[in-house]
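Structure first, then comments.
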Amino acid sequence: MMNIKSNTALRHIINISDLSDKLIDQIINRAQHFVEHGYTASLQNRIIATIFLEPSTRTRLSFASAVCRAGGQVISVDQADTTSLTKGESLEDMIKVVSSYADVIVLRHPEAGSAQRAAAVATVPVINAGDGPNAHPTQTLLDLFTIQQALGRTDQLTIGLVGDLKYSRVAHSMAEVLARAQGVTQYWIAPEELMMPDSVKNTLKQHQGRYQETTNLLAALPKLDIVMMTRVQKERFQNPADYERLKNSYILEPEHLTTAQPSLKILAPLPRTEELPPSLDALPQAYYFTQASFGVPVRAALLEYCLAA
Ligand code: NCD
C-alpha cells in the first residue's frame, strides 16, 4: 500500500514565511556543517523531482547537485514542452501524478501562485523554486547564508536591493525575510516604474521593517554593507519597448566603488545582463559566484528538513 501522508503535515516551502527564524538558523547551520565537514548520505533512497517550466541554470542544477552529494536520486523536467502540459494537462494533475513518483517536488513555474496550487494537491512536500514574479524562497536562504559568510551576521546591516524590484521574485522574498531581522535597513533602489510592489511593502510594515526607496544608487552606495544587483526581468514585460528603456537603469562600474565601504560585498542571484560588468569580477567586493556555489549546501540542508517529517 502506498503511504499517503496528510497534506497538513507536509513541509511545503512556498514562501519564506513558511520558515520561522529558528528554522532558517537551523538550515543555515546545517549548510555550514556541509561546507566544513562534507555531506553524508542523508537523502539515500530518496527521489527528488525537479520540474522546471521556466529557464534555470543555478537553481535546478544546485538542487540536483545537492541531491547527488547527499546520496539521493533526481528525476527531472527541464522543458515545459516535453510534458503533457502541452496536451492540455493541468498543473494539478501533473503534481498529483509526480507525487507518486518522488518524495519531494521542486517546482519552477511562470505563474504567481502556482507553487501554492501545487502544494494544495501534492501528497509530498513542494518546494517553490520560483513562481513567476512572486517568490523565490530557496534563493533567499542561500542569500542569507551568503551574507552570514560575508559579514558573520544576518542582522544589524544596511542592504541595497537594486534593479527590477517590481518583477524580481528574489528581491521580494529577500525584502520579506530581512524585515524580520533586527537592525536591518533596506534601500530599495529602482526606477520609479520598477519599485517594490505594495504587497511587499505591506509585509514590511507588518514586521516594522525599515526601508527607504530611492532611484539614486550612487548616493546610497556608501551606506551599504551589501548591495544586491538584480537583472531587469525581460520576460515579465508586456511591452518590449519598456524593457529596452529600463534595462540599463543601473550599471555598477568598478569606479563607483571608490565611495563604498571597503568591506562592501556585491551579491546577485544571476544570471547577469548589463548591470554587473565582468570588469567587477576580479575585485574583492565581487561575491556573486561564491554566492552561487552556496546553492548546493543550502539546498541539501533544506531537502533534509523537508524530508525529515
Ligand atoms: C533568479 C530567478 O530565477 O528568479 N535566478 C536564480 O534563481 N538564480 C534571478 C533572475 O532570473 O534574474
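What follows draws every value from the coordinates through simple rules; no lab data is involved. Computed from a prediction, not measured in an experiment: that's the story for all the values here. Cβ sites come from the backbone with ideal geometry, for glycine too, and all protein chains shown count toward neighbours.
The table for this structure:
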| quantity | calculated |
| --- | --- |
| Relative contact order [Cα under 8 Å, 6+ residues apart], the chain, whole percent | 19 percent |
| For region 1-156: Kirkwood Rh in Å [reciprocal of mean 1/r, alpha carbons] | 16.4 Å |
| Total formal charge among the other residues, if their Cβ is under 14 angstrom from that of Ser90, Lys/Arg +1 and Asp/Glu -1 | -1 |
| Hits among lysines - C-alpha to C-alpha of Lys247 under 21 Å, sequence gap 8 or more where chains match | Lys166, Lys234 |
| Helix 21-37 vs. the chain, principal-axis angle (Cα, 0 to 90°, nearest 10) | 90 degrees |
| The chain: equivalent-ellipsoid semi-axes (sqrt of 5 x gyration tensor eigenvalues, Cα, Å) | 32, 22, 18 |
| Spatially proximal lysines relative to Lys96 (Cα-Cα < 24 Å; intrachain offsets below 8 disregarded) | Lys5, Lys87 |
| Proximal lysines to Lys265, defined as alpha-carbon separation beneath 20 angstrom and excluding residues fewer than eight positions away on the same chain | Lys223 |
| 5 angstrom amide H check on Ile75, placed H, neighbours 5+ away | Ile48, Ala49, Thr50 |
| Of the GluC sites (Glu not before Pro) in region 269-309, those whose Cβ has at most 15 other Cβ within 10 Å and which sit in DSSP loop | Glu274 |
| Ellipsoid equivalent to region 186-257 - semi-axes via the Cα gyration tensor, in Å | 22, 20, 9 |
| Region 142-232 - Kirkwood radius from inverse mean 1/r over Cα pairs (Å) | 12.9 Å |
| Per-selection Rg to Rh, region 117-177 - Cα, Kirkwood hydrodynamic radius | 1.05 |
| For region 253-309, projected area of the alpha-carbon convex hull averaged over all directions, nm² | 5.0 nm² |
| Positive-pole candidate from Ala301, Ser17, Thr83, dipole of the chain, charges at beta carbon | Ala301 |
| Distance between region 145-223 and region 226-298 - C-alpha centres, whole angstrom | 15 Å |
| Theoretical ellipticity at 222 nm over the chain - DSSP helices of four or more residues, -39500 (n - 2.57) apiece, nearest 500 | -10500 deg cm²/dmol |
| Phi-based couplings in Hz for region 287-302 (Karplus 6.51, -1.76, 1.60; Gly and Pro marked x) | 10, 6, 6, 4, 3, 4, 5, 6, x, 6, x, 5, 6, 5, 5, 5 |
| Contact order relative to length of region 212-300, as percent, for alpha carbon pairs under 8 angstrom and 6 or more apart | 33 percent |
| In sequence order, calculated HN-Hα J values of region 55-69 (Karplus, 6.51, -1.76, 1.60; Hz; x Gly/Pro) | x, 6, 10, 5, 5, 5, 6, 6, 4, 5, 5, 4, 5, 4, 4 |
| Unit charges on C-beta of K, R, D, E only; dipole of the chain, Debye | 620 debye |
| Val74, Val296 arranged by Cβ crowding within 10 Å, fewest neighbours leading | Val74, Val296 |
| Relative contact order for region 35-160, counting Cα pairs under 8 Å that sit 6 or more residues apart, in percent | 22 percent |
| Where only alpha carbons of region 71-185 are counted, the Rg and the Dmax (Å) | 16.8, 51 |
